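Comments concern the structure below.
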Amino acid sequence: MSARRGVGLSAFQNRSSLSTSYASHGASLRSAHLTSLQTQLSVFQSLLHNFALQHADTIKSNPTFRAEFARMCNAIGVDPLAGSNVKGKSAGGGKGIGSLWAKVLGGDVNDFYFELAVRVVEVCRGSRGENGGLLGVEECKELVKRGRGIGGGMDVSDDDVLRAVKSLKPLGSGFSIVNVGSKQMIRSIPKELNTDQSTVLEAIQVLGYITCSMLEDNLGWDHARADTVIKDLLGDSLVWVDLQAPEAEYWSPAFMNDFED
Amino acid sequence: MSQPSPSPSSTPFKFPTYHASYPPFFTLQPNTSTLTAQYRKWSRLIQRYCRHHRLYKLSLTSTIDSPLFKNTELKKRLSLQDARSVLEWMSRDEGGRRIEWVDQKGRVVDGRPREDTHDTCWVFWKRPEEWGDVIAAWVEETGQKGVVLTFYELVNGEGTRGEEFHGMDQELFRRALSTLVKRGKAQVFGGEGAEGTKFF
């Protein structure tokens with residue numbers, strides 16, 4: 001009774017012993033948690049490891065499956081692409097994991113992306129004359145799919161193409177992803193678009209084509225400005241002109257990608 | 001590898017999307033690198049078109065209004081002058097020498113393209129030496145090396161029905177064989193009308 005009331009002198013001692021025992025209990029709980037989490041994580045890792053090995057074929061051949069797998073890896077801070085040459089993005093806690101994964105997946109998944117990257121480079125180079133080195137991710141995907149290279153086409157997703165382009169970065173090849181309007185495009189010639197050029201390309205995406213007077217009317221540009229931008233774009237092979245219309249129309253070369261021939 | 005091509009116009013030719021729905025394809029592009037890409041596309045298209053319709057020669061004036069150069073739906077066309085530039089590009093090394101200008105008498109003409117002299121051309125969707133290879137391969141496959149075969153037999157005979165070279169242009173056939181003769185793979189003898197050949 002008296003102890004519970006805790007009004008005597010001994011109450012002070014009780015209280016301090018109580019708090020130390022709380023603290024020690026808390027510490028032991030924390031460490032228990034930590035070990036159980038660590039076990040869980042390592043179990044999960046080994047399961048993921050097994051999973052990756054077991055389903056390596058599916059990961060390579062099924063784009064949807066691959067995208068989901070990549071998302072899963074991302075969620076726990078594992079970058080399937082972080083190979084020996086690229087330091088794992090997941091710094092700190094994930095450091096050990098990064099290299100581990102490079103080892104686990106290196107043989108299969110990494111190779112897949114490097115192989116795809118080679119295809120992407122081929123496709124970009126092959127179509128450079130038509131599109132000035134600016135190729136939509138979507139179109140690139142289609143071209144890779146219908147590719148006629150050794151081993152035929154590869155079935156890939158947008159996500160795969162983006163990863164493949166990223167994997168080219170260490171090479172300093174100048175391949176990069178740029179956003180033009182709502183579209184992601186692969187730039188294979190290191191050149192910046194200025195704001196006006198981007199605006200025009202965006203407008204072409206929406207409208208299909210553009211004319212000088214459309215630019216003047218809708219954007220309030222004067223003729224010289226519209227004319228200069230279009231001349232620049234023409235000079236860089238980024239648009240094609242149709243001179244058989246009442247006013248010269250400028251079209252995006254995206255339509256030119258057709259492997260029917 | 002090559003299945004027998006369909007007989008003339010048994011199936012409609014399927015134009016690629018850039019021909020069917022991309023107006024700028026019918027305007028030769030001012031930018032040189034774009035233009036080269038465009039020439040290449042046109043060249044492949046013309047070859048595929050001729051192959052589909054089993055055309056060995058093409059006359060500009062009579063083809064210019066055909067669906068090859070004119071898209072009535074888009075209301076676009078490749079002008080006579082531009083079509084001539086395309087063909088001219090095809091006749092050069094960079095175009096793979098896929099066409100060859102000839103005059104009315106079928107003689108090869110050289111020099112700068114002119115309206116009056118450059119109207120008709122061979123379209124080599126297979127070059128004579130490529131035809132030669134096809135024919136030689138057939139002879140080899142059917143075990144007829146060393147056998148005397150008449151020209152008629154090879155081009156029109158029952159035995160070659162379904163082969164790609166069946167019913168091909170006589171003159172081109174002759175040229176194909178002469179490439180084989182030059183390479184020492186065949187021998188040609190006999191007179192006009194009754195020529196025969198033997199493969200080694």
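The values are calculated or read from the model by the stated rules, or taken from the named source; none is laboratory data. Model, not experiment: these values are computed from the prediction. Cβ placement follows ideal geometry from the backbone for every residue including glycine, while neighbour counts extend to all protein chains displayed. Areas reflect the complete protein model, heavy atoms only, side chains present, ligands, DNA and RNA absent. Shrake-Rupley method; radii C 1.70, N 1.55, O 1.52, S 1.80 Å.
One line per residue, one yes/no per condition, for (1) in contact with a Ser or Thr (Cβ under 6 Å, 6 or more places away or on another chain); (2) at pLDDT 85 or above:
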{"residue": "A:Y113", "(1), (2)": "yes, no"}
{"residue": "A:V121", "(1), (2)": "no, yes"}
{"residue": "A:G126", "(1), (2)": "no, no"}
{"residue": "A:G129", "(1), (2)": "yes, no"}
{"residue": "A:L134", "(1), (2)": "no, yes"}
{"residue": "A:E139", "(1), (2)": "no, yes"}
{"residue": "A:G152", "(1), (2)": "no, no"}
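Condition check for A:Y209 on (1) farther than 20 Å from B:N31 by Cβ; (2) hydroxyl-bearing (S, T, Y); (3) modelled with pLDDT of 90 or more: one failure, at (1). Note on segment A:222-261: among residues that are of a type in the set (D, E) and farther than 21 Å from A:L193 by Cα, the one that is modelled with the lowest pLDDT is A:D261.
Of all residues in segment A:42-67, those that are open to solvent by 80 Å² or more (accessible area, probe 1.4 Å), in contact with a helix residue (DSSP H, G or I) (Cβ under 9 Å, 6 or more places away or on another chain) and farther than 17 Å from A:S157 by Cβ total 1. Kindly indicate whether any position in segment B:81-93 is closer than 30 Å to B:E192 by Cα and acidic (D, E). There is no residue in segment B:81-93 that is closer than 30 Å to B:E192 by Cα and acidic (D, E). Screening the candidates A:K191, A:K166, A:K231 for the property of being free of Cβ contacts under 8 Å to residues at least 12 places away in the same chain and among the basic types (K, R) yields one hit, A:K231. Of the strands (runs of 3 or more DSSP E) lying entirely inside segment B:127-200, those containing at least 1 residues that are without any contact (Cβ under 8 Å) to a residue 24 or more places away in the chain and open to solvent by 10 Å² or more (accessible area, probe 1.4 Å) are B:186-189. Note on segment A:180-206: residues that are closer than 13 Å to A:D236 by Cα, open to solvent by 20 Å² or more (accessible area, probe 1.4 Å) and in a strand (DSSP E or B) total 0. Of all the residues in segment A:207-220, those that are open to solvent by 20 Å² or more (accessible area, probe 1.4 Å) and within 19 Å of A:L193 (Cα to Cα) number 2.
Return yes when B:E100 is surrounded by 16 or more Cβ atoms within 10 Å (Cβ to Cβ) and either closer than 18 Å to B:Q170 by Cα or free of Cβ contacts under 8 Å to residues at least 24 places away in the same chain (or both) and no when it is not. Considered against the rule, which asks whether it is surrounded by 16 or more Cβ atoms within 10 Å (Cβ to Cβ) and either closer than 18 Å to B:Q170 by Cα or free of Cβ contacts under 8 Å to residues at least 24 places away in the same chain (or both), B:E100 comes out as yes. In this structure, is A:I189 within 12 Å of another protein chain (Cβ to nearest Cβ), at pLDDT below 90 and farther than 21 Å from B:P16 by Cβ? So A:I189 fits the description; yes. Within segment A:231-253, the residues that satisfy the criterion of being surrounded by fewer than 22 Cβ atoms within 10 Å (Cβ to Cβ) and part of a helix (DSSP H, G or I) are A:K231, A:D232, A:L234, A:G235. From the list B:L74, B:L80, B:L58, the lone residue that is buried (at least 17 other Cβ atoms within 10 Å of the Cβ) and either aliphatic (A, V, I, L, M) or not assigned by TED's automatic domain parsing to the domain that holds B:V109 (or both) is B:L58.
Can you name the condition, by its number, that B:K41 falls short on among (1) touching a helix residue (DSSP H, G or I) at 6+ places or on another chain (Cβ under 8 Å); (2) more than 8 Å from chain A (Cβ to nearest Cβ)? Answer for B:K41: the failing condition is (2). Taken as a whole, the condition of being on the phi < 0 side of the Ramachandran plot, within 14 Å of chain B (Cβ to nearest Cβ) and without any contact (Cβ under 8 Å) to a residue 12 or more places away in the chain applies to A:L243. Just checking, does segment B:8-16 include any residue being at the interface with chain A (Cβ under 9 Å from one of its Cβ atoms), open to solvent by 60 Å² or more (accessible area, probe 1.4 Å) and at pLDDT below 90? Scanning segment B:8-16, I find at least one residue that is at the interface with chain A (Cβ under 9 Å from one of its Cβ atoms), open to solvent by 60 Å² or more (accessible area, probe 1.4 Å) and at pLDDT below 90, so the answer is yes.
Counting only residues that are within 14 Å of another protein chain (Cβ to nearest Cβ) and not in a strand (DSSP E or B), how many does segment A:207-230 have? Qualifying residue count for the region: 5. If you check B:S59 against the conditions, is it more than 30 Å from B:T160 (Cα to Cα), at pLDDT 90 or above, more than 10 Å from every other protein chain (Cβ to nearest Cβ) and touching an Asp or Glu at 6+ places or on another chain (Cβ under 7 Å)? No: the conditions fail for B:S59. Do the conditions hold for A:D159, that is, is it touching a helix residue (DSSP H, G or I) at 6+ places or on another chain (Cβ under 9 Å) and open to solvent by 60 Å² or more (accessible area, probe 1.4 Å)? Considered against the rule, which asks whether it is touching a helix residue (DSSP H, G or I) at 6+ places or on another chain (Cβ under 9 Å) and open to solvent by 60 Å² or more (accessible area, probe 1.4 Å), A:D159 comes out as no. Is it fair to say A:S173 is in a helix (DSSP H, G or I), open to solvent by 20 Å² or more (accessible area, probe 1.4 Å) and of a type in the set (S, T, N, Q)? In short, no.
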